[in-house]
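The values are calculated or read from the model by the stated rules, or taken from the named source; none is laboratory data. Predicted, not measured: the structure shown is a model, and the values here were computed from it. For neighbour counting, all protein chains shown are included, and Cβ atoms are generated from backbone atoms with ideal geometry for every residue, glycine included. Side chains included, ligands, DNA and RNA excluded: accessible areas come from the protein's heavy atoms. Shrake-Rupley method; radii C 1.70, N 1.55, O 1.52, S 1.80 Å.
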Amino acid sequence: MSQHSFQNELTRRDLLRLSATGAAALGANLAFPALAAATPPPHTAASRPAHGAALYSTLLQTWCDGLLAHQITNLSDPALRGGFLCPACGILHGRCGDAVYPLLRVAHTTGDAKYLRAALLVHAWSEQNLSRTDGSWVNDITLSSWKGITVFRTIALAEALQHHGTLLDAAIRRQWTERLSRAAKFLDGFITIETGNINYPITSSLAFALCGQVLGNTHYLDRAHSMAHAALAYFTPNNLLFGEGHPLLAVTPKGCRPVDLGYNVEESLPALALYAVLTNDAPVLNQAVAALRTHMEFMLPDGGWDNSWGTRNYKWSYWGSRTADGCHPAYVLLAAHDPAFREVAQRNLELMASCTHNGLLYGGPDYFQHGDRPCIHHAFTHAKALATVLDRSHAQLASTQRAKLPRDEAYGLKIYPEIGTHLAAIGDWRATVTDYDFSYTEEVQTNGSSKGGHVSGGALSLLYHCEVGPLLTASMTEYSMIEISNQQAFLDKPHMSLTPRIEYVSGKTAYASVNDYAAQVLAKSSPASIAFAADGRMLTAGRQSVSEEVRYHLSYFLYPSSVEIAATAGAAHSLDGSLRFLLPVISRTGEPIERPDDHTICIHKPKGTIVVSVDAPHSFEPVPEERTFNLVPGFECVPLSVTMQSDKELRLQLKVIPA
């Protein structure tokens, strides 16, 4: 029990009585009185505890309070009562029921009845609207009938029963346990190693292991072992998990595999790690540790995940992935194997705390500043990860020792051919360049009409400076609602693709350098510099070329003190459209911009000034007064644009002057 005083603090007997009363009320189709929005906990992003369990507990309760503030409790209609109304999407997301686990965790530790009431209500709503007679749950009431999400709901329900089932009246506990049994039976006949993307069969290993323990059924423990060991075939020689795309075993013309960093670090690897810990499975544990080390290479110094290249980066939020759970269980549970693992979890947690406002986790660093609303999906899924850490990892959280991460170091050049992606680190600069050629499509919800995807073509998909943070970032090549119930729509404000690129517009058709999956990238490094050269064709987001081919060449030169970009584009014939280079520089509304001359722009940020210059005779076009924005991964930008001439090289330079 927390040592703090709570207004509604109850004994375990009181909580049990409440759960029994709640069950009777739900059965009688009666609603609890509307729950008032909870008072935010005393810690803010600026004053939060520096390390350990305190921040996990504080942020978990903050998110649960945010959920309660959006729970429908004053309507008796079972289609609505108990669900969480999403302020961004205006719907009740079908996976709301996953929140039973974090809500019971907070009810247990605070003794506050409101969290137990909320858990009972949302479980009842889920059973009324998403549950199916075969034991499954579907993704959404109307937008998606996909039953694969049963694996996540099963994990949440099993964790709730295993850790906090004592809060429930015996009758409710039996009901929830019987429901878990039906879900396990469904998954037993539904899940194979080829079901959905690789995140489903891998997470099923954890679901079966938990069901085996909670239900006392050794068959499910055998199924857990079988699924986990089948998944061991889905790791590259560099220990990147693949299978986030179809076919799962596909190999592209460049030899690439379907890999998505966000799903891997926030869903698949945490499940595999927890399975290995629960079952003491050494081969799986060793693979999980090796994979976590490789994926850790893509964490930025501020705790952001560099998924600028991933197959499913349409759900990339700078802190992770929109509807996954979070990296924390994997990196905290296995922290004894590498001290940097705990650091990964801590930095990411601090980033999430900074993106939390009014009780909910926003989809990226600048959503709140820009006026976009938070999707409630982020809070109820990521709350599960924090609950898991708190329930299983007290020993690992006790340490306050800090560690360095791979991208803290200026190590030079690292290449991952299985994703066509290069990582560079020199001086204070960190960069990602990609020509990844795996195309992810979701036919079910888009009817094959989606054109946007991750960038390629030798794009500079991320540029970060250790002093001032992210400067450049990729977004989708063209924003598409690939998962209609799991993505947000843009506000009626300026928005655009954020990736630095050459753009050619002919008539009403736009062609860009980021769309060519066949482009080739060469890289070389020395102690003094790292250089990239990319050659490709100007294509549409649907990868259609100009009637008479337009080719481009891009070069990036990274030095300890600056980054230079050289760009050329042209064709064998005269171009009848407009040609320009776009450089959207990350900058929040309110950061001052100066233009000393036509060739220089200075953007003043809290920790330094970004100086962008272009060579004569070129000059920057007028800078828009209003910032542009992209939901992926959630940054505001100053869109700098320079007109190009056919076959004439354009050169840009970026420098940072520390504050």
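Length, then width, then depth: along the principal axes, the Cα atoms of region 500-659 run 48, 40, 33 Å.
Which value results when the Cα radius of gyration for the chain is divided by 2.2 N^0.38 Å?
Details: Rg = 25.0 Å, N = 659, 2.2 N^0.38 = 25.9 Å.
Here the Cα radius of gyration is 0.97 times the empirical estimate.
Using the empirical formula 2.2 N^0.38 Å as the baseline, the Cα radius of gyration of region 193-237 reaches a ratio of 1.16.
Taking every protein chain into account, the 1.4 Å probe leaves Y263 with about 10 Å² of accessible area, to the nearest ten. Counting only protein heavy atoms and a probe of 1.4 Å, the accessible surface of region 72-215 is 51% carbon and sulfur. Given H placed on each backbone N at 1.01 Å, which residues far from N630 in sequence or on other chains put an amide H within less than 5 Å of it? So N630 has HN proximity to F635. The overall shape of region 222-329 is oblate: from the C-alpha gyration tensor, with semi-axes ordered a ≥ b ≥ c, the ratio a/c is 1.5 or greater and a/b is no larger than b/c. Couplings 3J(HN,Hα) for region 237-253, derived from phi with the Karplus relation 6.51 cos²θ - 1.76 cosθ + 1.60 (θ = phi - 60°), are x, 8, 6, 8, 6, 10, x, 8, x, 10, x, 4, 9, 4, 10, 7, x Hz, where x marks Gly and Pro.
Among the cysteines of the chain, those with no neighbouring cysteine Cβ under 4.7 Å are C64, C96, C211, C256, C327, C355, C375, C466, C602, C637.
P(r) for region 386-532, from all Cα pairs and a bin width of 10 Å, is 9, 28, 29, 23, 9, 1, 0 %, short bins first. Taking amide H atoms as placed 1.01 Å from N in the peptide plane, the amide H of K605 lies under 5 Å from those of I610, each 5 or more residues away in sequence or on another chain. The GluC sites (Glu not before Pro) of region 340-438 meeting both criteria, a DSSP state outside H, G, I, E and B (loop) and at most 12 other C-beta atoms within 10 angstrom of the site's C-beta, are E409.
Local charge for A531 was computed over the other residues whose Cβ lies under 13 Å away, with Lys and Arg +1 and Asp and Glu -1, and equals 0. A 1.4 Å probe run over the chain, with the rest of the protein chains in place, finds 35 Å² accessible per residue.
Trypsin sites (Lys or Arg not before Pro), restricted to region 491-557: which are DSSP loop and have at most 15 other Cβ atoms within 10 Å? Sparse-neighbourhood loop trypsin sites (Lys or Arg not before Pro): K508.
Once you've got the Cα coordinates, tell me which of K605/K655; K493/K605; K147/K185; K404/K605 are over 18 Å apart.
Working: K605/K655 13 Å; K493/K605 23 Å; K147/K185 13 Å; K404/K605 25 Å.
Result: K493/K605; K404/K605 exceed 18 Å.
Mind running the shape call on region 464-546? Use the C-alpha gyration tensor, a ≥ b ≥ c as the square roots of the eigenvalues: rounded below 1.5 for a/c, prolate if a/b tops b/c, oblate otherwise. In terms of gyration-tensor shape, oblate. Phi angles across region 603-611 convert, under the Karplus curve 6.51 cos²θ - 1.76 cosθ + 1.60 with θ = phi - 60°, into 3J(HN,Hα) values of 10, 8, 10, x, 10, x, 10, 8, 10 Hz, Gly and Pro given as x. The average projected area of region 598-659, computed from the convex hull of its Cα atoms over all directions, is 5.4 nm².
Per-residue 3J(HN,Hα) values for region 560-569, derived from phi via the Karplus relation 6.51 cos²θ - 1.76 cosθ + 1.60 with θ = phi - 60°, read x, 9, 6, 10, 10, 10, 10, 9, 9, 8 Hz in sequence order (x marks Gly and Pro). Amide H contacts of L361 (H built 1.01 Å from N, in plane; Pro and chain starts excluded): A379 sit under 5 Å, all sequence-distant by 5 or more or on other chains.
For the chain, what does -39500 (n - 2.57) per DSSP helix run (n ≥ 4), summed and divided by total residues, give at 222 nm, in deg cm²/dmol to the nearest 500?
-10000 deg cm²/dmol
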